[in-house]
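Asker: Mind looking over this structure? Questions follow.
The values are calculated or read from the model by the stated rules, or taken from the named source; none is laboratory data. Predicted model only: the values in this text are computed from it and were never measured. Heads up, the Cβs are rebuilt from the backbone with ideal geometry, glycines too, and the neighbour counts pull from every protein chain shown. The protein model used for the area step is the full one, side chains on, heavy atoms only, and it has no ligands, DNA or RNA in it. Shrake-Rupley method; radii C 1.70, N 1.55, O 1.52, S 1.80 Å.
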Amino acid sequence: MLEAVEITKRFKQTHAVNGVNLFLERGEIIGLLGPNGAGKSTTISIISTLIPPTSGDVRLNNESVIKRPEKLRKILGVVPQEIALYPDLSARENLLFFGKIYRLSGSQLKQKVEEVLEMIGLTDRQHDLVKNFSGGMKRRLNIGAALLHEPELIIMDEPTVGIDPQSRNYILETVKRLNKEKKMTVLYTSHYMEEVEFLCNRIYIMDKGNILAAGTKEEIKNILSAENTIQITVERVNDSFIQALRDHPVVNRVTVQDRVITVLTPKEANAFSILFKIAEETNTMLTSIEIKTPTLEDVFLHLTGRALRN
Amino acid sequence: MIGVLTAKLRLFIRKPWLFLMVSILSVVFAMLISSVNKQTIVVPVYSALPESEVKEIIRSLEQYNLFSFKRMKKEEVEKLVGEGKAEAGVELKKDDFRIIVASNTPNSYLVQQTVQKVYAKALQSKSIIDQVKEKQGESSAKQVAKSLAEAKNDPVFTVETKHFRADETVIINSKMQSIFGSVLFFVIYTIAYNVFNILMEKRNGIWDRMILSPVKKWEMYTGNLIYSFATGYIQVALIFAVFHFVFDVDFSDKFWFVLVLLIPYVLAIVAISIFIVGIVNNEQQFHAVLPLVSVSMAMLGGAYWPLEIVSSDALLLLSKFVPVTYGMDLLKGAVVYGYSFSDLLYPMSILFLMAVVFMGLGINIMERKRA
């Protein structure tokens with residue numbers, strides 16, 4: 001349906017996006033996962049035709065939309081990361097405004113506004129000013145404003161940033177419902193891997209303007225199939241223990257977060273005995289040790305050497 | 001575009017405070033400045049005459065609108081003059097007066113002339129009545145006194161005074177200067193803050209939503225600019241209407257003409273605001289740049305003081321590059337100098353030119369920044 005072909009974007013000396021390839025099939029929910037500053041927002045700004053790429057192309061049904069974006073814009077809804085609403089207007093007035101700019105009018109506009117208010121659960125608060133809303137309610141209305149013209153494809157840029165878990169669940173359920181009931185294709189960017197794992201059929205992992213990995217959840221996790229992720233909790237972090245781990249030939253990667261040390265080792269290695277031996281040699285007291293099922297977070301760690309939310 | 005305008009109107013109704021505040025400030029400042037400018041010099045007087053006679057003399061003295069005369073005790077008058085707090089004092093007598101001065105100043109001469117004029121007129125009437133009384137008796141004298149009083153109220157001849165001036169002669173009308181200056185200065189804020197909303201809408205993503213909608217970019221800009229122009233224009237027109245219809249300020253029968261002349265000025269300010277919004281990157285920069293630009297423009301353009309009193313060639317040259325200069329030229333030209341529409345075509349064309357150039361530059365910069 002939509003594909004980005006080798007898109008790059010340079011801002012002066014900065015390479016924000018570096019030859020990104022990405023495609024969306026009709027009815028899919030695609031996740032674009034990466035830490036802050038990975039280039040996700042720039043990528044979706046290019047895909048949604050808001051900014052032109054330095055090179056590369058965006059195609060809708062094999063037709064370039066860079067120079068003629070009208071066809072894509074007609075079927076596209078975008079939920080920006082910012083709360084793109086008028087705080088001094090009510091929820092209803094905001095929706096009426098965004099409906100009007102999509103050339104909706106009269107009873108059709110009113111009906112769509114009612115529908116969307118119902119869908120985002122704000123019917124009871126429709127006459128309240130947006131500035132008096134909670135973060136979660138603002139986020140829901142931010143999504144609602146992109147749904148008025150019934151887009152076939154919706155691009156959501158971190159739609160759950162800074163909200164409580166309840167509102168987050170509501171939003172995630174709404175996205176699932178839109179995909180299931182309205183057959184909406186969704187491109188969802190986030191730096192929360194659990195959201196992407198919950199929602200998406202396929203995932204692109206992005207960092208520093210590059211796509212590092214792409215595929216279904218299982219395919220991506222299989223990147224780590226040859227490795228074990230072992231999480232060790234120590235009583236006190238001992239530098240010589242960390243150094244010894246890093247120097248050991250069977251340890252592929254070591255990351256430390258507070259008292260938790262994550263170690264990647266080859267599956268075939270007898271990791272436990274090696275770890276115990278190093279701990280004994282460096283006088284390190286272990287509190288717990290466990291082999292974890294790989295998560296997308298681990299994959300990201302494996303690919304970049306950094307945690308997703310660092 | 002209608003959608004954009006409707007939303008702006010709704011937002012205005014919900015938050016009219018900036019508009020109201022700036023409007024009130026403009027009126028207050030214009031009144032304050034003009035009242036300071038028109039303050040008259042108080043001349044202390046004392047007299048041994050009865051209160052009613054002194055009042056009558058003071059009324060005659062104040063007819064010339066040059067000084068305000070205030071009756072005090074002799075000691076107070078002498079103290080004020082002695083301490084230099086009053087330039088001159090006057091002792092009012094039945095057929096004579098005495099000027100009290102500490103040193104001779106232009107104003108003390110003027111006080112003397114004014115008092116002399118009033119006493120000369122009074123003595124002239126008295127002398128006529130006395131002569132009639134002496135030759136024709138009391139009743140004829142009363143008749144003559146009555147006729148003289150009637151003639152004062154209903155003169156036989158109407159004397160029309162006309163001043164002539166050369167082309168280069170300047171007229172300083174401090175009241176109109178302060179009204180026009182204050183209004184043209186303050187409206188910059190109303191307009192600029194409305195245009196500034198474009199920057200805010202860009203920052204919070206509303207602009208992006210509109211770009212992705214079927215609304216055309218020219219409609220987005222036009223909607224915003226029409227709104228900014230309309231609020232600025234309505235504000236200025238409203239303030240002038242308050243001065244004209246409520247405070248009875250004389251616009252020399254050119255009130256409606258003045259409203260037409262405001263169009264190019266407001267348009268130029270909208271354009272400069274777009275330019276400022278184009279060059280700044282964030283809210284903080286805008287808040288720093290706007291006062292800098294507006295105050296400089298007001299100072300250079302003669303909103304704070306008349307350019308007629310500026311003698312520096314450098315400042316006069318700089319004033320040619322700010323729209324306030326031409327705005328003041330238009331308004332003063334029409335009201336104070338009585339120029340016709342064709343006489344004012346030059347400042348109008350400059351303002352239109354500024355509007356086109358700054359709007360073009362501003363929109364261009366904004367669009368380049370986007371890409």
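Asker: Calculate, for residue B:133 and residue B:75, the FRET efficiency according to 1/(1 + (r/R0)^6) with r their C-beta to C-beta distance and R0 51 Å; round to the nearest 0.05.
Answerer: Numbers: r = 39 Å, r/R0 = 0.76.
For R0 = 51 Å, the calculated efficiency reads 0.85.
Asker: Let me ask something else. Within segment B:275-371, which trypsin sites (Lys or Arg not before Pro) sit in a loop by DSSP and count at most 13 neighbouring Cβ atoms inside 10 Å? Show your work: numbers first, answer last.
Answerer: Details: sites: B:320, B:332, B:368, B:369, B:370; in loops: B:320.
Answer in residue order: B:320.
Asker: Can you list the residues of segment A:94-113 that have at least 10 square angstrom less accessible area with all protein chains present than in their chain by itself, probe 1.4 Å?
Answerer: A:96, A:97, A:98, A:100, A:101, A:102, A:103
Asker: Would you give the gap between the C-alpha center of segment A:253-277 and the C-alpha center of segment A:47-120, rounded to a whole Å?
Answerer: Value for the Cα centre distance between the two parts: 48 Å.
Asker: Take chain B, connect every pair of alpha-carbon atoms lying under 10 Å apart with a spring to form a Gaussian network, then pick out the residue of B:142, B:79, B:94 with the largest mean-square fluctuation.
Answerer: Of B:142, B:79, B:94, the most mobile in the Gaussian network model is B:142.
Asker: Scan segment B:280-371 for chymotrypsin sites (Phe, Trp or Tyr not before Pro) in coil per DSSP, keeping those whose Cβ has at most 14 other Cβ atoms within 10 Å, and list them by number. Intermediate results must be reported in sequence, preceding the final value.
Answerer: Numbers: sites: B:286, B:304, B:321, B:326, B:337, B:339, B:341, B:352, B:358; in loops: B:304, B:321, B:337, B:339, B:341.
Loop-located and lightly packed - B:321, B:341.
Asker: Taking all protein chains as present, what is the carbon and sulfur share of the accessible area of chain A, in % to the nearest whole number, probe 1.4 Å? Working shown, then result.
Answerer: Numbers: 6740 of 14170 Å².
Taking all protein chains in place, chain A shows 48 percent carbon and sulfur surface.
Asker: Of B:344, B:238, B:123, which has the largest mean-square fluctuation in a 10 Å C-alpha GNM of chain B?
Answerer: Maximum among the listed residues: B:123.
Asker: Now a separate question. What's the FRET efficiency of residue B:121 with residue A:107 using the Cβ-Cβ distance as r and R₀ = 60 Å, to the nearest 0.05? Can you show the working numbers first?
Answerer: Working: r = 82 Å, r/R0 = 1.37.
With R0 = 60 Å, the Cβ-Cβ based efficiency is 0.15.
Asker: Ok, one more. With 31 Å as the limit, write out which pairs from A:9/A:74; B:94/B:152; B:70/B:135 have Cα-Cα distances beyond it, or answer none. Don't skip to the end; give the middle numbers.
Answerer: On the way: A:9/A:74 24 Å; B:94/B:152 21 Å; B:70/B:135 39 Å.
Checking Cα-Cα distances, B:70/B:135 exceed 31 Å.
Asker: What is the list of residues in segment A:272-290 whose amide nitrogen lies under 12 Å from a point 7 angstrom out from the Cα of residue A:250, following Cα to Cβ?
Answerer: Answer for segment A:272-290: A:272-278.
Asker: GNM, chain B, Cα, under 10 Å: largest mean-square fluctuation among B:290, B:361, B:66?
Answerer: B:66
Asker: Going by accessible area, probe 1.4 Å, with all protein chains left in place, what is the ranking of B:253, A:164, largest first?
Answerer: Heavy-atom accessible area, descending, gives B:253, A:164.
Asker: Reachable aspartates and glutamates from residue B:79, Cα under 12 Å, same-chain residues fewer than 8 places away excluded?
Answerer: Cα-Cα hits under 12 Å: B:87.
Asker: What's the extension gain from residue B:369 to residue B:25 if we count 0.36 nm per residue and subtract their Cα-Cα distance? Intermediate values should be presented prior to the final figure.
Answerer: Values: separation 344, 0.36 × 344 = 123.84 nm, distance 3.54 nm.
Here the segment from residue B:369 to residue B:25 would lengthen by 120.3 nm.
Asker: What is the dipole size for chain A, taken about its Cα centre, with +1 at each Lys and Arg Cβ and -1 at each Asp and Glu Cβ, in debye to the nearest 20?
Answerer: Values: 40 positive and 39 negative charges, 224 e Å.
Dipole about the Cα centre, nearest 20: 1080 debye.
Asker: Say the dipole of segment B:1-129 comes from +1 at the beta carbon of Lys and Arg and -1 at that of Asp and Glu; which of B:67, B:22, B:41 then lies farthest toward its positive end?
Answerer: Going by the charge dipole, the pick is B:22.
Asker: Give A:12/A:180; A:131/A:292; A:183/A:221 a once-over and call out the pairs whose C-alpha atoms are over 32 Å from each other.
Answerer: On the way: A:12/A:180 42 Å; A:131/A:292 44 Å; A:183/A:221 27 Å.
Violating the 32 Å limit, Cα to Cα: A:12/A:180; A:131/A:292.
Asker: Another question, then. Apply the Karplus curve 6.51 cos²θ - 1.76 cosθ + 1.60, θ = phi - 60°, to the phi angles in segment B:302-318 and return the couplings in whole Hz, x for Gly and Pro.
Answerer: Using θ = phi - 60°, the values come out as x, 7, 7, 9, x, 5, 4, 9, 7, 10, 5, 5, 5, 5, 5, 5, 4 Hz.
Asker: Take every residue in peptide A:63-74, count the Cβ atoms of other chains within 10 Å of its Cβ, and give the average of those counts.
Answerer: Values: counts 0, 0, 0, 0, 0, 0, 2, 1, 0, 1, 4, 3.
Mean inter-chain Cβ contacts per residue within 10 Å come to 1.
Asker: Accessible area per residue, 1.4 Å probe, Å², for the protein assembly as shown: what's the number? Could you put the intermediate results ahead of the total?
Answerer: Values: 34490 Å² over 681 residues.
Heavy-atom accessible area per residue stands at 51 Å².
Asker: Could I ask something else about it? If each DSSP helix of 4+ residues adds -39,500 (n - 2.57) and the sum is divided by the residues in chain B, what number results at 222 nm, nearest 500 deg cm²/dmol? Don't jump to the answer; show the numbers that get you there.
Answerer: Working: 14 runs with 254 residues, N = 371.
So the calculated ellipticity at 222 nm is -23000 deg cm²/dmol.
Asker: Now, a different point. What spacing in nm lies between the two simple spin-label points modelled at residue A:51 and residue A:21, each 7 Å away from Cα in the Cβ direction?
Answerer: Rounded to a tenth, the inter-label distance reads 2.4 nm.
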